[in-house]
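The structure appears below as structure tokens.
Nothing in this text is a laboratory measurement; each read-out follows from the coordinates by a stated rule. Everything numeric in this text was worked out from a predicted model, so none of it was measured. All Cβ positions, even for glycine, are placed from backbone atoms using ideal geometry, and neighbour counts span all protein chains on display.
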Amino acid sequence: MRDSTLFAGLTDIVGNRHLLTDPESLQRFGLDRTDFWTPKPCAAVLPASVDEVRDIVRLANRHRLAIVPSGGRTGLSGGAVAANGELVLSLQRMDSILEVDTVGRSLRCGAGVVTGHVHQAARENGFYFPVDFASSGSSQIGGNVATNAGGIRVIRYGMMRHWVQGLKVVTGAGDVLDLNRGLIKNNTGLDFRQLFIGSEGILGVICEVTLGLAEPPPPGQVMVFGLPDYDALMALLGEARRQLTLSAFEFFSDNALGHVLARFDLKAPFSQRYPCYGLLEFDRNDDAALSLFRYLQEQGIRADAVISHSDEQVASLWALRENITESLSARQPWKQDIAVPIPVVPDFIRDVGGLIESEYSPLEAVWFGHVGDGNLHLNILKPATWDMEDFVAQCRRLMMSVLEKVQSCGGSISAEHGVGLLKKPFLQYSRESAEVELMRRVKAAFDPAGIMNPGKVFD
Ligand code: MLT
Ligand code: ZN
């Protein structure tokens, strides 16, 4: 049990109702979407303002209490897990859209605003916020910034970093910083805003965010291709980029489609099955879509394609891709979100797929992701008869081989989900030890007592 003066201090800051210590809350606030750790926070605290966050961080410094910042907890790398008696600091009450600047085209909001509400506020004001993913109904903007979230439209619009104009943060030392002040141009030395984007909560707490807004895109169309192999998928990517204005280029393997169709009441895109599928979203252009299909035929690629002609068809084709995560979740998959250079994608999938089949059977590999960005999601499924411990041990061994391949082709161990706890043991496959040492020193500058999300990203 923690010092009662700590809890009295927290109650003074947020009020009794917003300091949660009941078992159900501790379970809920102590976990993200990963299943490999047992949640054990000492409490969850729910501040309503930047000043309250500052006071909590200062109090935690005095008590040397570790803080885990918490958004929608939709993360897949254990970055928001509290398994060591930490205090979970949830931003969920800081959920207001604070300002929409329709001339400057920006939106300022609390870090606890759900991503989908930003989409809606942008739309209501005649704009578009393009960072989007399957969990946008529950993920929060602060978490998106802290993980530099990517998603389905990176090929056209970039990742979260591209859209962050300003951040109000409380550092681990308890200082309030207004980073970049929401400006478009500001050349005044080091830009600490960029350090906080993708920092996974190890430097401080992101409290408010100013986002740039985009022009709404013209009406879109979606096409799904059934393809014989990954070489055909990459040929399709090259030609699609020449002929269409793409906003997404996604892929999934046939067993990924099988899991979605088994779990959800959705129609298969074709009467026959293909080894892999490409899903393209682009600005409406029926002629180019047709000539893209002809191009594949001219190349001797036996493919099939279906194109949307209504918003309902757009949604049902996207559902085949967006429901993959949900269709696998009950199997507690071991998830990887690697990035590899675009030209090596087919060989990489073939090599790793072959390795899993030959040495790790009966583990099942499910492939999908944002192949237009070189971002591959590899989910490994546990055979029903295996216990979790054996499964995790096998996955760790497999990952060593996979990540050696990632390293040797110049890829990254995490394209978008972040390092958290899950990928911490593998950081050296993507970052030099000198870089990790510099990260440690940067953390110490913002968080001298080391209370911010300790144990995440690196030790
Ligand atoms: C996705 O692209 O669907 C997400 O990154 C989630 C996942 O990898 O499961
Ligand atoms: Zn993804």
- Item | Out of 54, 33, 17, 28, sole residue that is surrounded by fewer than 22 Cβ atoms within 10 Å (Cβ to Cβ) and within 16 Å of ligand 2 (Cβ to nearest atom) | 33
- Query: In segment 366-389, is there at least one residue being more than 18 Å from the chain's Cα centre (by Cα), free of Cβ contacts under 8 Å to residues at least 12 places away in the same chain and within 18 Å of residue 423 (Cα to Cα)?
  - Reply: yes
- Message: For segment 407-450, which positions are touching a residue at least 40 places away in the same chain (Cβ under 8 Å), on the phi < 0 side of the Ramachandran plot and not hydrophobic (A, V, I, L, M, F, W, C)?
- Response: 411, 412, 414, 416, 417, 423, 443, 447, 448
- Item | helices (runs of 4 or more DSSP H) contained entirely in segment 113-226, each with at least 2 residues that are within 16 Å of ligand 1 (Cβ to nearest atom) | 115-124, 141-146, 154-157
- Where residue 405 falls short, out of the listed (1) more than 16 Å from ligand 1 (Cβ to nearest atom); (2) more than 16 Å from residue 431 (Cα to Cα); (3) in contact with a Leu (Cβ under 9 Å, 6 or more places away or on another chain): (2)
- Query: Would you pick out the residues in segment 52-92 that are more than 30 Å from residue 336 (Cα to Cα) and touching a strand residue (DSSP E or B) at 6+ places or on another chain (Cβ under 8 Å)?
  - Reply: 53, 54, 56, 57, 60, 65
- Single residue of segment 338-364 satisfying the filter (within 20 Å of the chain's Cα centre (by Cα) and closer than 15 Å to residue 401 by Cβ) that is nearest to ligand 2 (Cβ to nearest atom): 338
- Note on the structure: Out of (1) outside any strand (DSSP E or B); (2) under 20 Å from residue 140 (Cα atoms); (3) free of Cβ contacts under 8 Å to residues at least 12 places away in the same chain, the one residue 103 does not meet is (2)
- Residue that is nearest to residue 101 (Cα to Cα), among those in segment 181-230 that are of a type outside the set (A, V, I, L, M) and without any contact (Cβ under 8 Å) to a residue 12 or more places away in the chain: 185
- Can residue 270 be described as buried (at least 17 other Cβ atoms within 10 Å of the Cβ), in contact (Cβ under 8 Å) with a residue 40 or more places away in the chain and either over 24 Å from the mean Cα position of the chain (by Cα) or outside any loop (DSSP other than H, G, I, E, B) (or both)? no
- Of (1) part of a loop (DSSP other than H, G, I, E, B); (2) within 22 Å of residue 377 (Cβ to Cβ); (3) in contact with a strand residue (DSSP E or B) (Cβ under 6 Å, 6 or more places away or on another chain), residue 233 fails just (1)
- Message: Looking at the structure I just gave you, is residue 222 within 16 Å of ligand 2 (Cβ to nearest atom), within 23 Å of the chain's Cα centre (by Cα), among the β-branched types (Val, Ile, Thr) and over 30 Å from residue 167 (Cα atoms)?
- Response: no
